[in-house]
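The values are calculated or read from the model by the stated rules, or taken from the named source; none is laboratory data. As the structure is a prediction and not an experimental result, all values here were calculated from the model. Using ideal geometry, Cβ is built from the backbone for each residue, glycine included, and neighbour counts are taken over all protein chains shown.
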Amino acid sequence: MRGGPPRSAGAACSLDELQTRVAYELDCLAYPAAGWVPPVRDRQGRLVHAAVLVGGGQGGLATAFALRREGVHDVHQMDREPAGLEGPWITFARMQTLRTPKYLTGPDYGIASLTFRAWFEAQWGCEAWAALDRILTTQWMDYLVWFRNVTSAEVQNGTEMTALRGKPDGFVEIDLVGPTGRRSCVTRRLVLANGMDGGGIWYAPPAFTRTLPRTVWAHSFDPIDFERLRGARVAVLGASAAAFDAAAAALDHGTTVDLYHRRHSLLRVEFRAWLEQAGFLAAFGGLDDARKWSVMRRLLGAGAPPPPSAVERVIGRAGFAVHSSCGWRAVRHEAGVVRIDTEHGERCANFVVFATGAPVAACCRIATRRRLTMRTNK
């Protein structure tokens with residue numbers, strides 16, 4: 001047995017005590033279960049992984065943990081970022097807290113001692129949990145690092161998938177680049193747990209970006225040195241959560257911010273709140289592809305309003321203005337100034353942030369073509 005029984009049924013008094021409790025509970029559940037997947041080789045004699053997971057963030061860690069609980073041990077997992085920087089939480093996510101309510105469980109797979117709440121209470125107590133409104137993004141990242149350690153997830157950081165292709169024998173071959181150079185591996189199943197940007201690229205309108213030097217614009221998901229922009233006028237295009245978060249970050253560093261969007265007013269109805277319902281979370285995976293596509297197309301097509309917390313960070317602050325019904329027609333760079341031709345006349349800025357998201361629909365079409373190609377190759 002790797003751990004003894006917990007000394008009480010209440011909250012753990014320290015992370016060490018909680019880790020002992022986790023070890024005991026996992027041992028009670030026979031985790032990791034005995035492996036049952038036999039080794040397989042492809043036609044070239046190379047060993048075939050049972051699964052390859054691209055991504056070491058919350059989705060990748062949850063998937064790896066679930067596979068090991070089911071006795072699938074030959075899981076090759078990677079992430080292109082350094083350890084502790086997986087996902088958006090302390091990189092390009094500029095919100096201060098998570099969007100979702102604190103009571104939604106994460107990658108714990110139904111084990112109470114692996115939840116964020118257990119991790120939080122072990123350090124700050126039950127009263128602090130009761131007083132907590134939303135989870136800080138930095139705390140969520142710390143929790144994921146802890147989760148990775150206590151579940152013994154083996155993630156090869158600094159490793160990126162560069163290509164994939166279906167093989168005639170039904171397997172998937174993947175090209176990788178990492179600390180040891182370029183290599184390839186073969187797997188039965190490939191899991192892409194690399195977030196929104198894993199399906200394609202973040203989108204900035206080419207009609208605007210091709211007229212601007214790269215030094216005067218960024219996408220909202222790029223790393224931006226806002227301190228360098230202190231005293232500048234920043235134009236943010238978009239009205240999403242990311243747009244307001246970027247505006248808040250810029251304001252925090254002493255800039256003036258103009259936020260532009262095409263709609264007459266901000267969206268107010270959050271259709272994607274249904275994603276937080278227990279019935280949706282439990283049953284969505286069991287739907288067929290056509291119904292999944294229909295649901296997600298409806299949710300993504302409806303758009304999402306910026307959360308109240310993101311709007312409250314900027315509304316009423318000196319140096320901030322929202323320009324509704326103010327789409328952009330053209331952009332040019334003259335004498336160190338970005339001149340923007342809008343529906344309400346010309347506006348100027350020193351730096352532009354495009355909070356224009358990712359082409360999700362196009363990414364879905366690409367993924368579908370790849371899946372069909374792999375099926376054909378079988």
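For the range 325-340, a residue qualifies if it is assigned to a strand (DSSP E or B) and under 14 Å from D258 (Cα atoms), and the qualifying residues are W328, V338, R339, I340. Filtered by the rule that a residue be in contact with a helix residue (DSSP H, G or I) (Cβ under 7 Å, 6 or more places away or on another chain) and either outside the structural domain of A248 (by TED's automatic domain parsing) or over 21 Å from A250 (Cα atoms) (or both), the range 308-327 gives no residues. Quick one: which residue in G71, G60 is small (G, A, S), in a loop (DSSP other than H, G, I, E, B), assigned by TED's automatic domain parsing to the domain that holds A128 and surrounded by 14 or more Cβ atoms within 10 Å (Cβ to Cβ)? Of the residues listed, the single one that is small (G, A, S), in a loop (DSSP other than H, G, I, E, B), assigned by TED's automatic domain parsing to the domain that holds A128 and surrounded by 14 or more Cβ atoms within 10 Å (Cβ to Cβ) is G71. The single condition from (1) within 24 Å of the chain's Cα centre (by Cα); (2) aliphatic (A, V, I, L, M); (3) surrounded by fewer than 17 Cβ atoms within 10 Å (Cβ to Cβ) that A218 fails is (3).
Restricting attention to the range 126-141, the residues that are over 25 Å from G59 (Cβ atoms) and among the acidic types (D, E) total 1. For the range 148-171, the count of residues that are among the β-branched types (V, I, T), within 30 Å of D27 (Cα to Cα) and within 17 Å of the chain's Cα centre (by Cα) is nonzero. Restricting to the range 285-324, give me the number of residues that are in a helix (DSSP H, G or I) and either loosely packed, with under 15 Cβ neighbours inside 10 Å or of a type in the set (A, V, I, L, M) (or both). Counting residues in the range 285-324 that are in a helix (DSSP H, G or I) and either loosely packed, with under 15 Cβ neighbours inside 10 Å or of a type in the set (A, V, I, L, M) (or both) gives 20. Of all the numbered requirements in (1) closer than 25 Å to W328 by Cβ; (2) assigned by TED's automatic domain parsing to the domain that holds A118, V191 misses one, and that requirement is (1).
Of the candidates V145, V234, the single residue that is in a helix (DSSP H, G or I) and of a type outside the set (F, W, Y) is V145. Would you be able to say whether some residue in the range 87-94 is surrounded by 15 or more Cβ atoms within 10 Å (Cβ to Cβ), in contact (Cβ under 8 Å) with a residue 24 or more places away in the chain and in contact with an Asp or Glu (Cβ under 6 Å, 6 or more places away or on another chain)? Yes: the range 87-94 contains one or more residues that are surrounded by 15 or more Cβ atoms within 10 Å (Cβ to Cβ), in contact (Cβ under 8 Å) with a residue 24 or more places away in the chain and in contact with an Asp or Glu (Cβ under 6 Å, 6 or more places away or on another chain).
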